[in-house]
Amino acid sequence: MVSGGWVTQADRSRWQQRAAAELAVILDGHPGIPVIAWTITASGGALSGQVLAPAAGRRGLFAQWRQALDLDQVTETPSAGGTAVYLHASGVRGGVAVSIAATVFDDGQDSR
């Protein structure tokens, strides 16, 4: 927490560095799980993972990463049309907010 209400560029840089270090720990600790796309946010140094695997394996890969990262806040939201389901899981690791997301399709379509 930054006192005084001002967040400096140095604060943001430090948060991103901490998130990058946590990502290195995550990747080093789970070499057997297929990779996903990772983003380190600009504002708060959080990690956001996106499962972009082929549609058939997307739900399973999401589950592997969720379990490996011990993310306990999980939501599954159906799309308005009912074809897609949006998966999201989040938690905190090493003081860094971490989330993963995936879009799965009941009819086997790929979103790409």
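Annotations for the structure displayed:
- Folded to 0 to 90 degrees: helix 9-29 orientation relative to the chain principal axis, Cα: 50
- Of all accessible heavy-atom area on the chain, the percent that carbon and sulfur account for (1.4 Å): 55
- Ordering 41-53, 23-35 by mean Cβ neighbour count within 10 Å, with the highest value first, yields 41-53, 23-35.
- The chain, accessible area per residue, ligands and nucleic acids excluded (1.4 Å, Å²): 60
- Here the Debye sum runs over all C-alpha atoms of the chain as equal scatterers in vacuum, and log10 of I(q)/I(0) at q = 0.11 Å⁻¹ comes out as -0.40.
- Degrees, to the nearest 10: 55-68 long Cα axis against longest axis of the chain: 40
- Our estimate of slack between Q67 and Q17, defined as 0.36 nm per intervening residue step minus the Cα-Cα distance, is 15.5 nm.
- Relative contact order (%) - the chain, alpha-carbon pairs under 8 angstrom, separation at least six: 24
- Other residues within the sphere of radius under 12 Å centred on the Cβ of I40, judged by their own Cβ, net out at +1 (K and R +1, D and E -1).
The values are calculated or read from the model by the stated rules, or taken from the named source; none is laboratory data. Remember, it's a predicted structure, so these values are computed and weren't measured experimentally. Cβ coordinates were reconstructed from backbone atoms using ideal geometry, including for glycine residues, and neighbour counts include every protein chain displayed. The protein model used for the area step is the full one, side chains on, heavy atoms only, and it has no ligands, DNA or RNA in it. Shrake-Rupley method; radii C 1.70, N 1.55, O 1.52, S 1.80 Å.
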